[in-house]
1. Out of the residues in the range A:5-35 meeting the condition of being over 23 Å from the mean Cα position of the chain (by Cα) and within 11 Å of DNA strand D (Cβ to nearest atom), tell me which one is modelled with the lowest pLDDT.
2. How many residues, within the range A:117-143, are more than 10 Å from chain B (Cβ to nearest Cβ) and assigned to a helix (DSSP H, G or I)?
3. Is it true that A:Ala39 is of a type outside the set (Asp, Glu), within 27 Å of B:Glu115 (Cα to Cα), within 11 Å of DNA strand D (Cβ to nearest atom) and in contact with a Gly (Cβ under 9 Å, 6 or more places away or on another chain)?
4. Given (1) within 16 Å of DNA strand D (Cβ to nearest atom); (2) surrounded by 13 or more Cβ atoms within 10 Å (Cβ to Cβ), where does B:Arg54 come up short, assuming only one miss?
5. Quick one: A:Gln151 ticks every box in (1) crowded, with 16+ Cβ neighbours inside 10 Å; (2) touching a helix residue (DSSP H, G or I) at 6+ places or on another chain (Cβ under 8 Å); (3) assigned to a helix (DSSP H, G or I) bar one, so which box is it?
6. Looking only at the range B:180-198, filter to residues that are at pLDDT 95 or above and touching a helix residue (DSSP H, G or I) at 6+ places or on another chain (Cβ under 8 Å); which one of those is nearest to the other protein chains (Cβ to nearest Cβ)?
Protein chains: 2
Amino acid sequence: MTDSSRCYHHGNLRDALILATAELIEESGSTAFSITDAARRAGVSNAAPYRHFRDKEDLLDNVRDLAFMGLHERLEKTRDANGAQAGTVAAVTAMGLTYLQYARDKRAFFALMWEDRGQMQPERQNLPHKREGFDLLLTAIETYLVQTEIQSELSGLNPRAIRIATQLWAIAHGIATLEQNQLLDLFDKTAQADQVLVESTEGLLSGLVPEGSAPAGH
Amino acid sequence: MTDSSRCYHHGNLRDALILATAELIEESGSTAFSITDAARRAGVSNAAPYRHFRDKEDLLDNVRDLAFMGLHERLEKTRDANGAQAGTVAAVTAMGLTYLQYARDKRAFFALMWEDRGQMQPERQNLPHKREGFDLLLTAIETYLVQTEIQSELSGLNPRAIRIATQLWAIAHGIATLEQNQLLDLFDKTAQADQVLVESTEGLLSGLVPEGSAPAGH
DNA sequence: AGGCAATGTTAATGCTATTTACTTAACAAA
DNA sequence: TTTGTTAAGTAAATAGCATTAACATTGCCT
């Protein structure tokens, strides 16, 4: 039964519901979303989704997974596209720019990914996906550190690379948030998110010195 | 009629509802909040709130205002507490640390402040309050630039200060988000938000050079 | 063919937002 | 003091939602 246009049984309702939810969320945001709408769009009754998802949150979790996978895919593409110049500031910056672009293109997804739904169960935090995204950035940083001879070699989990990757992720995320809240051009009408990110990344990376050296402070 | 324990008329239902909403949100998050609950807690019927607020969102907007004012107050206190060492890296860092602490203490408020409710009307974006918070940070940065002689004098809106303030706000916000999502100790179990912020701030500020000089790149 | 499990359905229940039509009380003017 | 007016309550109704329970259909395995 591969024909999904049948009568009683849908064929692949689970995926259809996830897709419908994704569409609805992109159209009207996650707060407006209702499970009834998703069922309607998938052409089934309002109770059918409960055969595939524990509750509304469970369905949203699956869309969140989708969103994280989408971001991950883009980051991978960016990494591969910059394979030639791997280890340069430009390669690192490109990851951040991709992050910003994703937030712009998939605004509702981006909001969903980082939505605070209070005390969530650990298994509902999408931690694996978040970790995967971080991994990509981390590798880019580690490559950078080695290429620029700031770090002699990379062991599996380099503390320094982790710290820098964290900082870069934080700043990309922060800029995305400020941009979505129209706070970037609050004072400087010409401020652009991309430009701010480039400057920040350069600022953070340029402050780095080879291991063992004393940092340049004031 | 200052006695609010009267029968029919409440006396100050508007404020009571905002307060009740704030409490409920801090207890269970903003998604779980219902206007009915707030009315119950304030001891009035479920329709009474509509005499004071257009709809649910309007009520939430007022709590958002409250949240922004709370953050603003803390930032002011931090600025004043560090008045003696104004213009130092420590003074700037302290603002960021206050931001992080607020996100921890008032997690639900923090989430509410940055909640993405899709395409909101401009008047519902709480822009004035966001701007005020930015102002405080901006002043701290401008003082820093002058004190450290990186900038000779501050004109009203210094483009450079604005850029740096934006970067610092972004990174503080990003770190707060990562912390709330338990992503800081994903790889480095010992990573602490405060420490990451201190390092980031130092990293960004230490890269600065007096105006006119060429930045230290690779 | 028969039976079972998966996956639908309809019909509740109980919650919610919001509106409408009424009610009460405070206040100001006559 | 009486009398309107108005702000600020109430109850009742509508409509939508999440979720569950009881029932129906179908595909698959034996």
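The values are calculated or read from the model by the stated rules, or taken from the named source; none is laboratory data. Source: prediction; values computed, not measured. Positions of Cβ are backbone-derived with ideal geometry, glycine not excepted, and every protein chain shown enters the neighbour counts.
1. A:Arg6
2. 12
3. On the way: of a type outside the set (Asp, Glu): yes; within 27 Å of B:Glu115 (Cα to Cα): yes; within 11 Å of DNA strand D (Cβ to nearest atom): yes; in contact with a Gly (Cβ under 9 Å, 6 or more places away or on another chain): no.
No.
4. Looking at each condition in turn, B:Arg54 falls short on (2).
5. Going through (1) crowded, with 16+ Cβ neighbours inside 10 Å; (2) touching a helix residue (DSSP H, G or I) at 6+ places or on another chain (Cβ under 8 Å); (3) assigned to a helix (DSSP H, G or I) one by one, A:Gln151 breaks only (3).
6. Taking the range B:180-198 and keeping what is at pLDDT 95 or above, we get B:193-198.
Next, only the ones that are touching a helix residue (DSSP H, G or I) at 6+ places or on another chain (Cβ under 8 Å) stay: B:193-194, B:196-198.
Values: B:Ala193: 9, B:Asp194: 13, B:Val196: 6, B:Leu197: 9, B:Val198: 11 Å.
Once the filter is applied, the top-ranked residue is B:Val196.
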